[in-house]
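Below is one structure, written out as structure tokens, with a few remarks after it.
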Amino acid sequence: MQVSDQQLKAFLVDRRLIKKDVIEKAEKISKTTGKSLEDVVLDESLVSEKELIRLKAYILGIPFIDLRKLDIDSETLRVIPESIARKNNIVAFKKTPEELEVAMLDPSDLQTIDFIKKKTGLKIKPRFTSRESLKEVLKRYQKSLEAEFGEIIRREARKAPLPKVKLIEGKKEEDKDLKKAAQELPIIKIVDTLIKHAILQRASDIHVEPGEKEVVVRYRIDGVLHDAMILPKQVHVGIVARIKVLSNLKLDEHRLPQDGRFKIETKDEKISFRVSILPTFFGEKVVMRLLLEDGKKFTLESLGFWGKGLEIIHSAIKKPYGMILATGPTGCGKTTTLYTILEILNQPGVNICTIEDPIEYQIPRVNQTQVNPAIGFTFATGLRSLVRQDPNIIMVGEIRDSETANLAVNAALTGHLVLSTLHTNNASGAVPRLIDMGVEPFLISSTLNIILAQRLARQLCPEGREKYNLSKAQIEEMSKDINLDDLLKVLKNEKIVPESVKWENIDFYKPRPTKDCPDGYKERIGIREALEVSDTIKEMIISRASIDEIETQARKEGMLVMLEDGFVKAIQGYTSIEEILRITRE
């Protein structure tokens with residue numbers, strides 16, 4: 001049984017999910033385009049998919065199930081084969097001797113229900129679920145294979161012959177032997193399995209580290225490195241050769257670092273691998289960074305910006321010229337922040353050009369260029385060319401040297417909006433860093449609009465967290481680093497906590513391990529500070545004020561430093577105090 005457009009319209013209005021005039025506009029779009037009202041409602045983001053499915057479940061009298069909250073055993077899951085589950089958007093989640101409960105996107109798909117009934121001989125009880133919920137459970141088909149990965153790799157490693165490679169630079173025999181090693185079936189299986197495992201674990205990086213007698217493989221998951229596998233030393237040369245072949249790198253080069261990339265496609269996503277190979281004492285170390293090419297688009301809010309910080313970013317990106325800097329250590333999400341800003345600025349009326357190393361994500365209608373130092377194409381030479389391309393907005397991947405810094409500042413002075421990154425510990429540290437690079441203070445004060453600083457904190461798993469309140473001793477300890485009175489005012493003004501609350505009554509959260517989150521954390525969220533370059537701070541830059549003086553003034557003007565922003569997110573339940581202290585003090 002399907003829900004008609006008229007039924008859907010009546011219930012959406014009746015339950016006050018959409019106003020009457022809004023649903024009538026959606027109805028007109030539906031008639032004009034030929035789409036169903038349900039598709040238009042989702043396309044226009046009038047309600048979330050989860051709300052819509054819950055409503056349909058209510059109308060049809062079919063229960064809604066959030067599969068992410070269920071502990072489904074692998075035997076029940078595999079009653080429906082993975083290929084059928086993926087093709088027909090159906091999974092089994094509960095089984096008795098007579099019945100099988102299944103979650104579906106479309107419980108009116110009687111053909112699939114009848115097929116499963118004949119296949120299992122059980123009575124089928126269909127339930128509604130959301131696409132996000134279903135996608136999460138479909139991953140468990142593969143996660144149940146993780147236990148087999150270790151044995152697969154060890155078995156294939158035993159099969160892998162020891163490559164007879166003469167490590168002498170420039171010899172054709174060596175190149176030939178390395179190609180042969182890279183094409184050995186056991187080596188191919190080992191590399192493929194390591195990559196597959198990393199994708200399933202949501203790793204951002206794979207490290208292949210040679211030792212004297214063994215090779216350690218580690219995955220960076222949610223910002224923390226974890227040992228994944230220990231392999232025999234004999235497979236190291238073959239693994240490195242295989243990765244070099246995939247990345248189109250020189251097989252016979254062992255003395256110099258090399259960088260490359262390759263792509264793979266799974267059923268769900270396209271993944272780009274950025275490869276770095278570095279010679280070490282015991283052999284070549286490989287690091288592969290995983291980048292989702294068709295990953296979800298972020299918003300500034302989803303990245304962790306809020307309140308005044310969010311307001312001043314929107315104000316800064318509306319200006320036609322000047323500089324926006326994102327600062328922080330490697331891997332803290334600076335480029336993702338700039339890409340998100342570019343997505344907002346990416347309108348038909350502007351020309352956006354970037355110079356990057358490397359291009360991490362491709363953005364439609366943005367002219368992206370990658371540096372190539374080997375042929376003399378650096379950030380500085382690229383930036384000189386970009387300003388002759390009639391750009392409105394320029395993104396420079398990183399300001400690394402004096403020449404690039406001065407060119408970027410001059411571009412901002414001559415009517416361009418310039419976005420870039422800088423390696424500093426906090427927002428106020430960007431000013432002396434630019435001065436150290438030889439940029440005159442009066443030029444910095446004339447061009448800088450806003451400086452962003454950030455770190456990435458692990459998020460608490462929603463099902464794996466426990467509430468608690470701070471003791472008096474903990475509150476006293478906090479007060480050494482944070483002005484608690486000022487922070488409490490901000491929390492009350494933003495309606496994050498009630499007006500009458502005191503610190504000892506505010507709920508905080510700590511991780512609790514679960515099956516899906518062994519350490520109680522899953523994914524990451526940004527903690528940030530946004531320093532607006534006000535008239536007062538411009539004068540301080542010209543007078544060469546210190547980092548501490550600039551930060552003190554910015555805090556007087558309402559800026560929250562990263563530690564304070566982290567505590568706000570801990571109160572909101574996104575992360576824990578321990579995690580905030582780890583990333584701000586490490």
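Check cross-link reach from residue 35 to the aspartates and glutamates: straight Cα distance under 13 Å, and skip same-chain residues fewer than eight apart. Cα-Cα hits under 13 Å: 5, 27, 43, 44. In order along the stretch 387-392, the Karplus-derived 3J(HN,Hα) couplings, from 6.51 cos²θ - 1.76 cosθ + 1.60 at θ = phi - 60°, round to 5, 8, 9, 6, x, 8 Hz, and Gly and Pro are given as x.
Using all pairs of distinct alpha-carbon atoms, the Kirkwood hydrodynamic radius of the chain works out to 27.6 angstrom. Net charge dipole, the chain: roughly 1820 debye, given to the nearest 20, about the Cα centre with Cβ charges of +1 for Lys and Arg and -1 for Asp and Glu.
Summing +1 for each Lys or Arg and -1 for each Asp or Glu among the other residues whose beta-carbon sits under 15 angstrom from that of residue 504 gives -1. Report the residues of the stretch 556-574 in range of a label on residue 507: point 7 Å along Cα→C-beta, backbone N strictly under 18 Å from it. Answer for this model: 567-574.
Close amide H pairs (under 5 Å, H built 1.01 Å from N) link residue 521 with 461, residues at least 5 positions away or on another chain. Contact order for the stretch 300-585, expressed relative to its length and based on alpha carbon pairs under 8 Å spaced 6+ residues apart, stands at 22 percent.
Here the stretch 55-131 and the stretch 495-528 have alpha carbon centers that stand 33 Å from each other.
Close amide H partners of residue 501, meaning residues 5 or more places away or on another chain with modelled amide H under 5 Å apart, do not exist here.
Checking the cross-link pairs 31/87; 263/285; 308/334; 95/135; 25/56 against a 25 Å limit on the alpha carbon distance flags 31/87 as lying beyond it.
Note on the stretch 5-60: semi-axes of the ellipsoid equivalent to its C-alpha gyration tensor, largest first and rounded to whole Å, are 17, 12, 10. The mean of 1/r over all pairs of different alpha-carbon atoms in the stretch 300-585, once inverted, gives a Kirkwood hydrodynamic radius of 20.1 Å. Filter the GluC sites (Glu not before Pro) in the stretch 429-531 to those in DSSP coil with at most 10 other Cβ atoms within 10 Å of their Cβ, and list the result. Those satisfying the criteria are 499.
Rolling a 1.4 Å probe over the heavy atoms of the protein chains gives the stretch 1-69 an accessible area of 65 Å² per residue. The Cys residues in the chain with no partner Cys Cβ within less than 4.7 Å of their Cβ are 332, 353. Summed over qualifying helices (DSSP H, 4 residues or more, each -39500 (n - 2.57)) and divided by its residue number, the chain shows a 222 nm mean residue ellipticity of -12000 deg cm²/dmol. Over the chain, Cα pairs under 8 Å with separation of 6+ residues give a relative contact order of 9 percent. Calculate how many DSSP beta bridges within the stretch 300-585 are antiparallel, expressed in % of all such bridges and rounded to the nearest 5. Approximately 40 percent, going by the DSSP bridge assignments. Within the stretch 277-378, the GluC sites (Glu not before Pro) that combine a DSSP coil assignment with at most 15 other C-beta atoms in a 10 angstrom radius are 293, 301.
Cα to Cα, under 15 Å, and not fewer than 8 places away if on the same chain: which aspartates and glutamates meet these conditions relative to residue 556? Within the straight-line limit of under 15 Å, residue 556 reaches these aspartates and glutamates: 485, 486, 529, 532, 535, 548, 564.
Stretching the chain fully between residue 486 and residue 42 yields a gain of 155.7 nm (0.36 nm per residue, less the alpha carbon separation). Pop out the carbon and sulfur fraction of the accessible area of the chain as a percent, whole number, probe 1.4 Å. On the chain, the fraction of accessible area on carbon and sulfur atoms equals 49 percent.
The values are calculated or read from the model by the stated rules, or taken from the named source; none is laboratory data. Everything quoted here is computed from the prediction, not taken from an experiment. Using ideal geometry, Cβ is built from the backbone for each residue, glycine included, and neighbour counts are taken over all protein chains shown. Surface accessibility is based on the protein's heavy atoms, side chains included, excluding ligands, DNA and RNA. Shrake-Rupley method; radii C 1.70, N 1.55, O 1.52, S 1.80 Å.
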